[in-house]
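To keep things clear, I will list the structure first and then write my remarks on it.
The values are calculated or read from the model by the stated rules, or taken from the named source; none is laboratory data. Just so you know, these numbers come straight off a predicted model, no measurement behind them. No Cβ is skipped: glycine too gets one built from the backbone with ideal geometry, and neighbour counts run over all protein chains shown.
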Amino acid sequence: MSARVRNALIALAVLLLAGLAVMWFLRSHQRVCQPATLPAYGEPTFNPLFALREALRRDGVDAETRRTLDLAGMQLQPRDTVLLLDDPRQLTPAQVEQLVEWVEYGGHLLLRMPAADEALDGEQTLFGRFGIAPGKVAPRCQPWHVPGQEEHQEFCAGPRFTLGEHARVERRWGDAIDATLAYARLRYGSGRVDVLADMDFLRNGRDTQDTGLRGLPHRDLARLVLAPNYGKGRMHLVYAAEAPSLWRIVLQRGWPIWLPLLLALLAWLWMRSQRFGPLQPSPRQERRSLLEHVRASGEHLHRYGKSPLLYDAVRQSFLARLRRRAPLAAALAGDAQLQAIADHLRWPLERVRLALQLPPSRDDAALRERIALLIQMRNQL
């Protein structure tokens, strides 16, 4: 069988196997289209109130989100609403004073109750100014029922709180057993303050289940807490009262970029840095004479069976001086050259012939004799 026929049969077998594999795949698999929920990207990944803002805008409400509380840029009006998602105890005394004065003239402020902290709690915070104190009980769920919907449990992870004696309570929601509340609306001057144990129902939904504003009960509850100034002014949704510094963000999230760059910079500096030696130079070592190096090289060649190289080097040295001192003899060849050299040196012809013949291999005596003759002839030129 020729090579061409064999290659054709192999190609045919491969095509047959490929066809069988494709046929099996098409018979055993079926193309089905299914919707897939893609992960969030862009602003929803860092703004937990993005869905709330878009829902308010679609309902005709002027709403905007901010990372930090910027009172100068917000230019609060008496009918506006401010929602603070982060811990309001991080605010400065000046910010607290401005917010209290704004609420007194008709503003609506929504606060999330953080966990108790003796280092942060005090009368100068927003909670202290409105007579709100953290409760000393463990968080627990609060039932929330919407007509036509199943009963939900809200504020499960948020800490409970209590109100002072002089607080003007407009709406409260909690347990009568220990007098702790999960939600309360207070009147302060012409404005209102809503305090919630948790605001998870206002955040973006994390999946397709009933989380965030996806569920109807959560939308009803959101409409309830935003009701006082709903549609009357601008709603300012602040999701971080204290933004992390740029250096902190770079260190925490930018390490896949800055760490390789730092290693590359250190490697470049190490390559380009100057190598500093000792303060004083090392003492000079005694050098061996050139003759010792030549002798050691010759012994090395002789030990490894390279004696012809030694003889050839001496012979070439003799011929080089012969070309300078007796160019006519160097130009000849064969017996004529030997005779010319013998006449020039006044040596017997057989002695010159012996010196210019390669010694037998491994014959050290003949090698030493002929090298000695070549050196003597070279010196007499």
**Request:** Would you mind stating whether Val96 is without any contact (Cβ under 8 Å) to a residue 60 or more places away in the chain, of a type in the set (A, V, I, L, M, F, W, C) and surrounded by 14 or more Cβ atoms within 10 Å (Cβ to Cβ)?
**Result:** yes
**Request:** Kindly indicate whether any position in the range 22-33 is touching a residue at least 24 places away in the same chain (Cβ under 8 Å) and of a type in the set (Ser, Thr, Tyr).
**Result:** no
**Item:** From Pro78, Pro159, residue being without any contact (Cβ under 8 Å) to a residue 60 or more places away in the chain, in the same structural domain as Met199 (by TED's automatic domain parsing) and not hydroxyl-bearing (Ser, Thr, Tyr)
**Value:** Pro159
**Message:** Quick test for you: out of Arg248, Arg234, pick the one residue that is closer than 30 Å to Asp198 by Cβ, of a type in the set (Lys, Arg) and at pLDDT 85 or above.
**Reply:** Arg234
**Residue that is surrounded by the most Cβ atoms within 10 Å (Cβ to Cβ), among those in the range 49-69 that are part of a helix (DSSP H, G or I) and more than 33 Å from the chain's Cα centre (by Cα)** = Leu52
**Prompt:** Among the residues of the range 1-39, how many are over 30 Å from Gly205 (Cβ atoms), of a type in the set (S, T, N, Q) and not in a helix (DSSP H, G or I)?
**Reply:** 2
**Complete:** Of the conditions (1) out of contact with any Ser or Thr (no Cβ under 9 Å at 6 or more places or on another chain); (2) modelled with pLDDT of 80 or more; (3) of a type in the set (S, T, N, Q), the single one that Thr162 does not satisfy is (1)
**Request:** Give the residues of the range 147-171 that are of a type in the set (A, V, I, L, M, F, W, C) and part of a strand (DSSP E or B), sorted by residue number.
**Result:** Phe161, Leu163, Val169
**Request:** Keeping to the range 132-144, report how many residues are part of a loop (DSSP other than H, G, I, E, B) and without any contact (Cβ under 8 Å) to a residue 40 or more places away in the chain.
**Result:** 4
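Yes or no, residue by residue, for (1) touching a helix residue (DSSP H, G or I) at 6+ places or on another chain (Cβ under 8 Å); (2) more than 30 Å from Ser190 (Cβ to Cβ):
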{"site": "Thr92", "(1), (2)": "no, no"}
{"site": "Gln95", "(1), (2)": "yes, no"}
{"site": "Val103", "(1), (2)": "no, no"}
{"site": "Gly122", "(1), (2)": "yes, no"}
{"site": "Thr125", "(1), (2)": "yes, no"}
{"site": "Lys136", "(1), (2)": "no, yes"}
{"site": "Arg140", "(1), (2)": "no, yes"}
{"site": "Glu151", "(1), (2)": "no, yes"}
{"site": "Cys156", "(1), (2)": "no, yes"}
